[in-house]
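The numbers here are math on the coordinates, done by the rules we state, and not lab data. Just so you know, these numbers come straight off a predicted model, no measurement behind them. Positions of Cβ are backbone-derived with ideal geometry, glycine not excepted, and every protein chain shown enters the neighbour counts.
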Amino acid sequence: MFFAYNLISTIGVILGLPFFLIKLITTPKYRPGAAQRLGFYPKEAIEKLRGEKVLWIHAVSVGEVIAALPLIRELRRRYPDRKIVVTTVTATGNRIAHSQAKEADVVLFFPFDLKPVVDKTIRLIHPSLFILIETEIWPNCIHALFRKKIPTLIVNGRISHGSFSGYRRVRFLMKRVLTEITAFSMQTGEDARRIISLGAPPDRVCNAGNIKFDISARPFPSEEQQKMRHDFLLPRKGPILIAGSTHRGEEEIIINIYRELRKIHPDLLLILAPRHPDRCNEVEGLLRQAGFPWQKRSRPEEGK
């Protein structure tokens, strides 16, 4: 089974390599971490882990990193003598991990799930525990950890309806991989039911809720509010509607809602943050079509 998976993965890499190189040359967002994805990590990061007991937490992107923050803080509190490594797939997630996961000792990019690359990465990080945030299944990585008797946990696990349909098509592979995972902490009863139906041993699965709700909200002093309004070039007073992490198709809905709300609250301000920053120009076009003036956070002089 793993032979077939590796054969397909290798063929995919060979066929996709020219496109990957073109992306590296033409699209800056693909450049950060390119070497790390192949198992070439900074020497200083690896030296920091040498001879230490390492907890490896993998959070694919921004949402997973944010969800992992309370877990990372609690692990640091309970195990101050352990080193904590956080890996991500996306560059944006990596930046968020660097800026917000202060308790982590090392932040890296996750390797491509190719056997030689995964084996090298595990040898360099040498974790005593591997934690997957939500449900991102990497067969070679999980299998390599299993062979080395390194426990793997899925925390805050979830399986959307779309993912579930896709996983069912390769259930023969999923069942083998899921039996090599030590424990599953799922967000809901439905997520637990789905992971069990895909092959996870029922006695290893529990429904523990969503750890995103463990992030404590702190009081926001008025001085900080005013500073943030000043930094974001916002009026000192007035209500604000924030739409964050939006996807294509959602911005039009939000803009229409904003237009209606302005009839009741003429001074209402909208902050719109697309999930993918490279869509900013597209979203600006929607605002322009709607007839709303706008300002970019990065270049506030635009859109006047």
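For segment 89-123, the set of trypsin sites (Lys or Arg not before Pro) satisfying both a DSSP loop assignment and a count of at most 11 other C-beta atoms within 10 Å is given as 102. Under the convention that each Lys and Arg Cβ holds +1 and each Asp and Glu Cβ holds -1, the size of the dipole of segment 222-290 around its Cα centre is about 220 debye. With 0.36 nm allotted per residue and the present C-alpha distance subtracted, the residue 79-residue 44 stretch has 10.4 nm of extension available.
Less than 5 angstrom separates the built amide H of residue 110 from those of 88, 89, all sequence-distant by 5 or more or on a different chain.
Remark: segment 118-126, residue by residue, has Karplus-estimated 3J(HN,Hα) of 5, 4, 5, 4, 5, 5, 6, 7, 6 Hz, where x stands for each Gly or Pro and the curve is 6.51 cos²θ - 1.76 cosθ + 1.60 at θ = phi - 60°.
Along the axis of the charge dipole computed for the chain (Cβ charges of +1 for Lys and Arg, -1 for Asp and Glu, origin at the Cα centre), the listed residues 22, 159, 61 are led at the positive end by 22. Packing here is the average count of other Cβ atoms within 10 Å per residue, and on that basis the peptides 74-83, 180-189, highest first, run 180-189, 74-83. Between residue 241 and residues 5 or more places away or on another chain, which pairs have amide H atoms under 5 Å apart, with H built 1.01 Å from N, and which residues are they? For residue 241, whose amide H was placed from the backbone, the distant partners under 5 Å are 269, 270, 271. Full extension of the chain between residue 229 and residue 26 gives 69.5 nm of extra length, using 0.36 nm per residue less the Cα-Cα distance.
Report, please, the projected area of the chain averaged over directions, based on the convex hull of its C-alpha atoms, in nm². Walk me through the intermediate numbers first.
Details: hull surface 76.1 nm².
Taking a quarter of the hull surface, the average projection is 19.0 nm².
Summarising the label geometry, the points placed 7 Å from Cα in the beta-carbon direction at residue 296 and residue 240 lie 2.0 nm from one another. When each of 86, 62 is scored by the number of other beta-carbon atoms lying within 10 Å, the sequence from fewest to most is 62, 86.
As a footprinting exposure proxy, order 206, 141 by other Cβ within 10 Å, with the fewest listed first.
Values: 206 13, 141 26.
In increasing order of surrounding Cβ atoms, one gets 206, 141.
Return the FRET efficiency for the residue pair residue 98, residue 120: r is the Cβ-Cβ distance, R0 is 22 Å, and the value is rounded to the nearest 0.05. Let's see the in-between values first.
Working: r = 23 Å, r/R0 = 1.04.
Plugging the Cβ-Cβ distance into 1/(1 + (r/R0)^6) gives 0.45.
The calculated 222 nm mean residue ellipticity attributable to helices in the chain amounts to -14500 deg cm²/dmol, summing -39500 (n - 2.57) over DSSP H runs of n ≥ 4 and dividing by all residues. On a 22 Å Cα-Cα criterion, which of the cross-link pairs 148/175; 102/148; 102/296; 212/296; 53/175 come out too long? Checking Cα-Cα distances, 102/148; 102/296; 212/296; 53/175 exceed 22 Å.
Percent of C-alpha pairs per 10 Å bin in segment 222-290, short distances first: 18, 46, 32, 4.
Close amide H partners of residue 57, meaning residues 5 or more places away or on another chain with modelled amide H under 5 Å apart, are 85, 86, 87, 131.
Each residue of segment 154-167 was assigned a 3J(HN,Hα) from its phi angle through the Karplus expression (A = 6.51, B = -1.76, C = 1.60, θ = phi - 60°), giving 9, 10, 6, x, 8, 9, 5, 4, x, 5, 4, 4, x, 5 Hz with x at Gly and Pro.
For the chain, the longest principal axis of the alpha carbon atoms and the long axis of helix 62-78 meet at an angle near 60°. Once the Cα-Cα distance is subtracted from the 0.36 nm per residue extended length, the residue 275 to residue 52 segment shows a gain of 76.7 nm.
Computed 3J(HN,Hα) for segment 168-182, one whole-Hz value per residue from the Karplus formula 6.51 cos²θ - 1.76 cosθ + 1.60 where θ = phi - 60°, is 4, 5, 10, 4, 4, 7, 4, 4, 5, 5, 5, 6, 9, 9, 6, glycine and proline marked x.
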